[in-house]
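Below: one structure, written as structure tokens.
The values are calculated or read from the model by the stated rules, or taken from the named source; none is laboratory data. This structure is a prediction, so every number in the text was calculated from the model and none was measured. All Cβ positions, glycine included, derive from the backbone under ideal geometry; neighbour counts span all protein chains shown. SASA here: full protein model, heavy atoms, side chains in, ligands and nucleic acids out. Shrake-Rupley method; radii C 1.70, N 1.55, O 1.52, S 1.80 Å.
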Amino acid sequence: MHARSVIVVGGSLAGVRTSQALRAEGYDGRLVLVGEEPELPYDRPPLSKGALRDDDVPVLLTEADAVQLDLTLRLGVAAAGLDLADGCVVLADGDRLPFDDVVVATGSRPRPSPWGTPPGVHLLRTRADATALRADLRRSGHLVVVGAGFIGAEVSATARALGVEVTLVDPLPAPMSRVLGADVGGIFTELHRRHGVETRLGAAVADIESTPAGPRVVLADGEVLPATSVLVGCGALPNDDWLRSSGLEVADGLVCDQHCRSTSDERVHAVGDVARWWHPRHGESVRIEHWTNAVEQAAVVAHNIVSPDRPRAYAPVEYVWSDQYDWKVQLVGRTLGAPVRTLGEPAEGRFAVVYGAGDGRLGGLLAVNWPRAVVAARRAVAGREDIEALVGALQAVGSRGR
Amino acid sequence: MARIRANLGLCQGYANCAIEAEDVFDIDDDGTVVVLRSEVPEPERARVEAAARTCPVHALSVE
Ligand SMILES: Cc1cc2nc3c(=O)[nH]c(=O)nc-3n(C[C@H](O)[C@H](O)[C@H](O)COP(=O)(O)OP(=O)(O)OC[C@H]3O[C@@H](n4cnc5c(N)ncnc54)[C@H](O)[C@@H]3O)c2cc1C
Ligand code: SF4
């Protein structure tokens with residue numbers, strides 16, 4: 001009998017956590033982690049926050065950890081494809097790694113800048129991206145951030161703390177309004193303005209031009225914003241191109257069932273930003289680009305590989321945090337519906353907004369500097385409680401003060 | 001027994017741990033983790049270790 005073999009493709013958060021969880025579940029066969037980036041796996045959230053100040057990026061796995069896990073690292077080489085008939089992962093250097101199960105954990109990449117990336121224009125995903133942006137920010141001057149999503153908002157906040165002038169541009173009317181809605185997003189417009197950020201919201205970018213003095217951003221209304229550096233943060237795309245030749249169903253991520261197994265082949269599992277799976281509570285397929293999702297999904301996938309006869313369905317409550325100035329921002333569940341209640345005082349920097357799901361039920365919660373509200377909301381969403389039950393619970397935890 | 005340690009200096013109050021294992025971790029009003037049970041029996045180790053791994057800032061360890 002041959003020893004079992006699991007190949008994990010993607011050497012970052014989702015891949016590392018799946019490898020660790022496999023061993024914790026008692027998997028004792030061969031385990032290989034393939035990663036395109038040559039360096040040891042590191043954590044991405046600091047790249048838009050502390051790492052732009054002090055270059056400090058925590059490593060997710062050391063060489064010693066890998067030895068202890070009996071995990072073989074193949075870093076600095078991309079997987080080029082999956083040969084399902086032969087049961088092999090095919091690497092870019094031609095190597096073929098036979099598998100019994102394969103974990104697709106190849107994450108996502110920034111949506112390319114529609115205006116190119118001339119000198120001084122940055123995208124932000126990798127440690128090298130952060131180092132390059134940090135070097136530009138240290139030369140101070142003026143940063144224009146195109147895209148007021150989470151990453152754009154965080155980089156604006158970090159840059160202000162470094163004393164850099166910032167202009168934040170987005171075609172939408174407010175920061176993070178795709179997730180929060182325009183009204184609640186407006187609270188964040190005020191936050192950024194209070195910290196000295198210039199905003200151009202509801203403003204489309206026509207072009208980014210390269211000049212000897214640096215890049216400049218041209219808006220659709222003709223305004224020109226000169227800059228020392230520009231960050232383009234316009235969302236992310238799943239790294240699923242390498243799977244196209246495999247014949248697996250790929251549609252904005254690797255398409256999986258509720259057990260995070262490919263709908264086309266049960267030996268193939270997906271975790272993290274690249275996974276599109278059937279979420280049983282929502283009754284639709286979803287893909288989530290959040291840290292905690294990768295960690296929780298890794299535990300489920302590891303379990304399902306070790307115990308395929310008793311697979312667990314994956315139905316998480318969405319959760320993401322973001323740090324902007326002195327605001328610890330946390331989002332629980334889905335905030336796509338309408339905001340129905342605000343508790344606490346936005347002006348005092350401690351508040352929560354409850355969102356409906358559209359059908360009168362509870363959807364999710366935005367909390368600022370109020371972690372206990374987050375705990376209550378995660379339970380309420382998981383337990384399908386109604387809006388009033390959560391509001392009651394929040395009033396109870398809120399009354400005990402900060 | 002598995003012993004649980006929290007580094008309160010590192011904790012950022014993300015509350016992941018309290019959601020994964022609400023009988024072991026809680027969050028106080030300042031948003032800092034509270035370890036409700038500092039020791040758990042061996043059979044519970046795997047579950048508590050899994051909860052500790054959900055901490056984004058590596059503030060939790062299980063010995
Ligand atoms: C700047 C920034 C800030 C963030 N901040 C937060 C935050 O505050 N809160 C939050 O919840 N989330 C945050 N996130 C999101 C979070 O970091 C991601 O959800 C998480 O990194 C997903 O992990 P992953 O392993 O699925 O994907 P990734 O981290 O993208 O890792 C995928 C890995 O696979 C490798 N790879 C790709 N293709 C191949 C291939 N063909 N072969 C081999 N290897 C391959 C890549 O090089 C990469 O190393 C942030 C992300 C960024 C970029
Ligand atoms: S998960 Fe980590 S940071 Fe969050 S509350 Fe628990 S110990 Fe603190």
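Below, the figures for the structure above:
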{"item": "Qualifying residues in segment B:32-58 (those that are within 16 Å of ligand 1 (Cβ to nearest atom) and either out of contact with any Leu (no Cβ under 9 Å at 6 or more places or on another chain) or of a type outside the set (D, E, K, R) (or both)) - the one farthest from A:VAL57 (Cα to Cα)", "result": "B:THR54"}
{"item": "Matching entry among A:VAL391, A:VAL374 (being under 28 Å from B:VAL48 (Cβ atoms) and more than 18 Å from the chain's Cα centre (by Cα))", "result": "A:VAL374"}
{"item": "Within segment A:280-358, strands (runs of 3 or more DSSP E) holding 3 or more residues that are more than 11 Å from ligand 1 (Cβ to nearest atom) and surrounded by fewer than 19 Cβ atoms within 10 Å (Cβ to Cβ)", "result": "A:284-286, A:339-345"}
{"item": "Criterion violated by B:ARG3 - all others in (1) away from ligand 1 (no atom under 16 Å from the Cβ); (2) within 13 Å of another protein chain (Cβ to nearest Cβ) satisfied", "result": "(2)"}
{"item": "Listing of helices (runs of 4 or more DSSP H) fully contained in segment A:115-232 that carry 2 or more residues being touching an Asp or Glu at 6+ places or on another chain (Cβ under 9 Å)", "result": "A:127-138, A:150-161"}
{"item": "Given (1) within 16 Å of ligand 1 (Cβ to nearest atom); (2) closer than 14 Å to B:ALA59 by Cα; (3) within 12 Å of the chain's Cα centre (by Cα), number of the condition B:ILE19 does not satisfy", "result": "(2)"}
{"item": "Count of segment A:300-339 residues which are more than 21 Å from A:PRO45 (Cβ to Cβ) and among the aromatic types (Phe, Trp, Tyr)", "result": "1"}
{"item": "Considering residues of segment A:8-41 that are touching a residue at least 60 places away in the same chain (Cβ under 8 Å), touching an Asp or Glu at 6+ places or on another chain (Cβ under 8 Å) and hydrophobic (A, V, I, L, M, F, W, C) only, the residue surrounded by the fewest Cβ atoms within 10 Å (Cβ to Cβ)", "result": "A:ALA24"}
{"item": "Among (1) outside any helix (DSSP H, G or I); (2) open to solvent by 50 Å² or more (accessible area, probe 1.4 Å); (3) within 16 Å of ligand 1 (Cβ to nearest atom) - the single one A:ARG53 does not satisfy", "result": "(1)"}
{"item": "Enumeration of residues in segment A:31-40 that are more than 7 Å from ligand 1 (Cβ to nearest atom) and either acidic (Asp, Glu) or within 20 Å of B:ARG53 (Cα to Cα) (or both)", "result": "A:LEU31, A:LEU33, A:GLU39, A:LEU40"}
{"item": "Within segment B:10-40, considering residues that are in contact with a Lys or Arg (Cβ under 6 Å, 6 or more places away or on another chain) and surrounded by fewer than 16 Cβ atoms within 10 Å (Cβ to Cβ), the one farthest from the other protein chains (Cβ to nearest Cβ)", "result": "B:GLU39"}
